[in-house]
Amino acid sequence: MTTMTEAVLEAVDIDAGYGGTIALRGFAVRLVPGRITCLLGANGAGKTTALGAIGGWVRPRAGSIRLRGQDVTNRRADARVRAGLGVVPEGRQLFPDMSVAEHLQLASRVVDNGHPIDYVLQMFPVLRDRAGQSAGTLSGGEQQMLAIARAVVQRPAVLLLDEPSLGLAPLIVGSVLHTARRIADAGTPVLLAEQNASLALRWADDALVLENGRVVLRGSPTDIGRDLRLREAYLGSDSTGSDSDRSPA
Ligand code: ATP
């Protein structure tokens with residue numbers, strides 16, 4: 001039997017949906033230390049549902065999720081956070097009137113063994129300069145950094161990052177994804193859901209492509225980039241929603 005690096009998080013055979021709609025079928029992913037796994041797919045393909053099933057805000061109808069060896073399939077979202085799941089939600093979900101420092105303090109109080117606030121302020125120097133400022137007055141890129149810092153301060157074992165490029169200029173997205181790279185390199189696996197395939201593939205180690213709730217491609221960023229370009233050439237459509245004016249990975 002071959003030995004595999006132990007997964008920090010492993011989801012197997014996940015089905016999930018809303019009412020009568022099944023939005024995700026047979027989803028599986030293994031997140032291992034040091035690696036960014038990107039989850040690609042067009043609008044509505046099921047990326048957020050997959051993150052929701054792992055994060056605990058969408059109840060899986062089938063399958064199992066193990067985090068650090070514990071079965072968390074039926075745990076609530078807040079219990080998963082305390083068990084080591086870091087979540088950076090789509091649209092950041094910050095409190096506009098609350099300051100940067102207050103966001104970080106609140107997040108660190110939720111867990112028993114978080115990082116000192118200073119750890120993340122060192123990691124995100126721009127946030128130190130803005131510590132007393134309310135989140136609503138930050139730029140889009142700074143808000144995304146705060147959303148990431150808020151998860152990182154909880155010392156997560158694994159980080160879910162949903163659509164960080166949303167509404168940001170490409171240059172800023174690059175710096176956000178570079179941050180994800182640093183987090184992964186420091187040992188924490190990252191699951192990155194992203195519509196912008198060309199950007200995500202540049203920073204990821206592994207890639208999955210979802211179409212209508214099913215994983216249709218899985219492999220290295222180089223292979224997936226090539227497959228997606230072939231699909232675009234033959235089907236004449238951009239199945240991942242990536243920007244055609246940006247060079248592929
Ligand atoms: P996006 O980039 O738009 O977030 P996505 O790949 O994350 O897309 P999901 O948000 O997971 O896709 O949506 C998958 C499917 O589930 C879509 O058909 C969507 O319309 C449906 N869906 C998502 N959220 C809900 C909900 N709260 N209630 C009903 N249907 C939903």
Problem set entry | Gaussian network model of the chain, springs between alpha carbon atoms under 10 Å - residue of Ala45, Ala207, Ala169 with greatest fluctuation | Ala169
Exercise. If you take the square roots of the eigenvalues of the alpha-carbon gyration tensor of the chain and sort them as a ≥ b ≥ c, do you get rounded (a/c under 1.5), prolate (a/b over b/c) or oblate?
Worked result: oblate
Exercise. Contour minus end-to-end for Arg59 and Arg109, with contour as 0.36 nm per residue of separation and end-to-end as the Cα-Cα distance?
Worked result: 15.4 nm
Problem set entry | Two-site FRET efficiency, Asp13 against Arg76, from Cβ-Cβ distance with R₀ of 25 Å, rounded to 0.05 | 0.75
Seminar exercise, completed: Burial-style ranking of 48-56, 198-206, average other-beta-carbon count within 10 Å with highest first, yields 48-56, 198-206
Problem set entry | Charge context of Ser139, other residues only, Cβ under 13 angstrom, K/R +1, D/E -1 | 0
Exercise. Calculated from DSSP H runs of 4 or more alone, at -39500 (n - 2.57) each and per residue, what is the 222 nm mean residue ellipticity of the chain, nearest 500?
Worked result: -10500 deg cm²/dmol
For this session: Quick one: which residues, 5 or more positions from Glu90 or on another chain, have an amide H under 5 Å from its amide H? H modelled 1.01 Å from N in the peptide plane, none for Pro or chain starts.
Result: Asp162
Exercise. Efficiency by 1/(1 + (r/R0)^6): what FRET value for Gln122 and Met4, r their Cβ-Cβ distance, R0 = 41 Å, to the nearest 0.05?
Worked result: 0.75
Exercise. What shape does the stretch 76-193 have by the C-alpha gyration tensor, where a ≥ b ≥ c are the square roots of the eigenvalues, rounded means a/c under 1.5, and otherwise prolate means a/b greater than b/c and oblate the rest?
Worked result: rounded
Seminar exercise, completed: So, for the Cα atoms of the stretch 4-127, Rg and Dmax in Å stand at 16.0, 46
Exercise. Using 7 Å Cα-to-Cβ label points, what is the Ala131/Asn212 separation (nm, one decimal)?
Worked result: 5.3
For this session: Distance between Cα centroids, the stretch 167-228 to the stretch 41-67: provide it in whole Å.
Result: 17
Seminar exercise, completed: In whole percents, the bins of 10 Å from zero upward hold the Cα-Cα pairs of the stretch 94-154 as 27, 61, 13, 0
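Values in this text are rule-based calculations from the coordinates and carry no lab data. Since the model is a prediction, treat every value here as computed from it, not as a measurement. No Cβ is skipped: glycine too gets one built from the backbone with ideal geometry, and neighbour counts run over all protein chains shown.
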